[in-house]
Amino acid sequence: MEYSKLADLYERLEKEPAKLKKTEYIANFIAQTPSSILPAVIMLIQGKLFPQWYEKEIGVASKMMVKAIALSTGFSEAYIMERFAKLGDLGLVAEELIKNKKQVTLFQKPLTIELVYTNLRKLAEIEGAGAQDRKMNIVKELIAFAKPKEARYVVRTVLEELRIGVAEGIVRDAIAKAYFCDILWFDASMNNPRITELIKSCSNAVFIFEKGTKEKLLARGKVSKDEFERFERNNKVSEKSLEEIKGMNVWKKACGVDYIILMDERLGNELKANILGAIEWAWFLRPDYGDITLVAKEKGIEGLKNIKIEVGKPVYVLLAEKAPSLQEALQEYEHAAIEFKYDGMRTQIHKKGNKVMLFTRRLENVTNAFPDLVELVKNNIKAEECVIEGETIGIDPQTSKPLPFQYLSQRIHRKYDIHRLIKEIPIQVNLFDIIYLNGEMLFNKPFRERRKILESITNIIPGQFQLAEQLITKDLKEAEAFYKKALEMGQEGVMVKNLDAIYQPGKRVAGGWLKVKPVMETLDLAITGALWGTGKRSGWFGSFILACRDQNTGKFLECGMLGTGIKEKKTNKEDITFKDLTEMLKPYVELEKGNEVKIRPKIVIEVAYEEIQRSPNYSSGYALRFPRLIRVRWDKDVTEIDTLERIKYLFSMQRGRESPTKR
Ligand code: AMP
């Protein structure tokens, strides 16, 4: 299939702001794409070459791209940089230069989707000596063979910024539309502009109407008799009872129907939810639309529902809900287990024979950064094939106490010095679930059974490789003592889990897990600086520097940067918008440098946050993690704001933890 067809699609998508239209363009395109290249096309439409967990990178930066464009078009790098500064997009620069190309490529052959995809994927595989040159050659050649518009998108794909506004939800809806009936329904007064529009303009499609719809539509005068007759001549239109529709296989390949038009909203919602639910389920288990599209096309809903975990490909994990208190959490479930809630990296561990792979909650592949964890799994998990979950935390080597997450986070994306960090920030793994064992998915087993299975395959090394500390109780006193113990040991809180619950990938399910952690008290702080916003926040300050006061000198000391809790638009009277805050602060601006503004401390705000961390980046030596605006404290003067002493105190009280040694 020619790449120019894909480039045309990209261009239409880039120009079209409406989601529904974008969905339609993609659906029409993939419906006509042969299965052999469907996964490639779906990947490319998302601007990707690999699923998100792939560990290798394309590794072509703008600088190398400028060189590649220079070599393939004959223009100088300086000129390309000049155009880049003007157009802000190397894709557009390449397009423009190919139009005015100085060098003529002999034997120009048309680019195909297969060729572009396989060649670009090679980029990630090239390593070692001369890698840069070899990568450049691939890109250079593709650009040389590309027509102007094709060059725009090849360049953007390589740079991983396609700019066509296709989010994950649009791809899901496009798959639904391409391979399953489109299900539409009228409201009680027979209104639905999309359906009336279809009746007036659609041709060559197959429709099924719920019995009685036509009569009601004509009686209400929503379309004329003539219009409906024309519609029936131009399309294949038939009627079915609700019962018949309910029993239909809505997979286009099986029923050959494009649209089902209903009056019954409930059935409409049900059928639609069944289709989207099947795609979503497949996505949670196999977050790769390349695979999913092929299954939807060739096996329909049943195929999607039967997608299995593939060891080595991560799945979206079960999420927790917040509980207002331990007592309420405990009342929620008939049979409850309470576990320590560790503050670390959620780790999805895949094991197949001697091969171990590690993924984060966001499905990043972190196997190479944790060789110590890989070894622990190899030596202590007694299963040929499994997928298990746990929380990996960093341990202070001096005190053996848990370290705040920020220490472990230094290890997560580490490519160098890994072995030094293994010594400095050793890990502890706390396993808490198993979802796959030797060919069997365990989602439908209750948690109590999954935990038993997990126990049976784990060889425990206390303090290093263990099961999450757990207590099974309904007694509030016992639960409170356990919670207190968790906090005293420096953990974040507890998880209350329903022992009877199944595992729902990708979801926050009622009846699954409830997290309980102490609420940090809010702080009143001054705003002493800001950064001008960009994008939606341009024209206003977009983030704000927070400061506390040194109780001895009265000096203002920075302790964080806030951009959350502020609204873009006012929907409630109490909302504070970026505009409001900017206008409040502008009279106190003292200095502007680039996009940074220094502000005289005048405005006091109340701030909530998740945690206080040590930080060399702020003059107070501390930083608030995830600060969020609660309100402006008009009633408070800056001399009354919270002090450094208070921040130090709250830091030391956090989770009963004393400050880590030596750090
Ligand atoms: P949160 O990120 O605050 O929504 O809390 C949920 C996260 O807590 C999970 O994604 C895990 O990474 C983490 N966690 C820590 N300990 C446990 C545990 N015992 N069971 C489940 N999740 C845990």
>> Looking only at the stretch 219-247, how many residues end up being closer than 17 Å to P193 by Cβ and of a type in the set (A, V, I, L, M, F, W, C)?
In response: 3
> Does I612 satisfy the condition of being in contact with a helix residue (DSSP H, G or I) (Cβ under 6 Å, 6 or more places away or on another chain) and either in the same structural domain as I630 (by TED's automatic domain parsing) or modelled with pLDDT under 95 (or both)?
Replying inline: yes
> List, please: which pairs have Cβ atoms under 6 Å, are six or more places apart or on different chains, and start with a residue in the stretch 303-332 that is assigned to a strand (DSSP E or B) and end with one that is loosely packed, with under 15 Cβ neighbours inside 10 Å?
Replying inline: L319/R508; E321/R508
> Of all residues in the stretch 38-53, which are touching a helix residue (DSSP H, G or I) at 6+ places or on another chain (Cβ under 8 Å) and surrounded by fewer than 17 Cβ atoms within 10 Å (Cβ to Cβ)?
Replying inline: F50
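Yes/no matrix, rows are residues, columns are (1) farther than 14 Å from V519 by Cβ; (2) among the charged types (D, E, K, R); (3) in the same structural domain as P404 (by TED's automatic domain parsing); (4) assigned to a loop (DSSP other than H, G, I, E, B):
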{"residue": "P601", "(1), (2), (3), (4)": "yes, no, no, yes"}
{"residue": "V607", "(1), (2), (3), (4)": "no, no, no, no"}
{"residue": "Y618", "(1), (2), (3), (4)": "yes, no, no, yes"}
{"residue": "T639", "(1), (2), (3), (4)": "yes, no, no, no"}
>> Step by step: first the residues of the stretch 1-17, then only those that are more than 12 Å from A167 (Cα to Cα) and of a type in the set (A, V, I, L, M, F, W, C), then the one that is surrounded by the fewest Cβ atoms within 10 Å (Cβ to Cβ). Which residue is that?
In response: M1
> Do you know which of the residues in the stretch 460-480 that are farther than 26 Å from I612 by Cβ and in a helix (DSSP H, G or I) is farthest from the ligand (Cβ to nearest atom)?
Replying inline: K477
>> Can you tell me which condition E339 does not meet? The list is (1) assigned to a strand (DSSP E or B); (2) over 22 Å from K515 (Cα atoms); (3) among the charged types (D, E, K, R), and all the others hold.
In response: (2)
> Can you name the strands (runs of 3 or more DSSP E) wholly within the stretch 491-582 that have at least 2 residues being more than 16 Å from the ligand (Cβ to nearest atom)?
Replying inline: 523-532, 541-549, 556-562
>> Just to be sure before I move on: is T392 modelled with pLDDT of 95 or more, surrounded by 15 or more Cβ atoms within 10 Å (Cβ to Cβ), within 16 Å of the ligand (Cβ to nearest atom) and not aliphatic (A, V, I, L, M) in the structure I sent?
In response: yes
>> Suppose we filter E321, E328, E302, E298 for residues that are within 16 Å of the ligand (Cβ to nearest atom), of a type outside the set (A, V, I, L, M) and either within 29 Å of the chain's Cα centre (by Cα) or in the same structural domain as I435 (by TED's automatic domain parsing) (or both); which single one remains?
In response: E321
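The values are calculated or read from the model by the stated rules, or taken from the named source; none is laboratory data. As the structure is a prediction and not an experimental result, all values here were calculated from the model. Cβ coordinates were reconstructed from backbone atoms using ideal geometry, including for glycine residues, and neighbour counts include every protein chain displayed.
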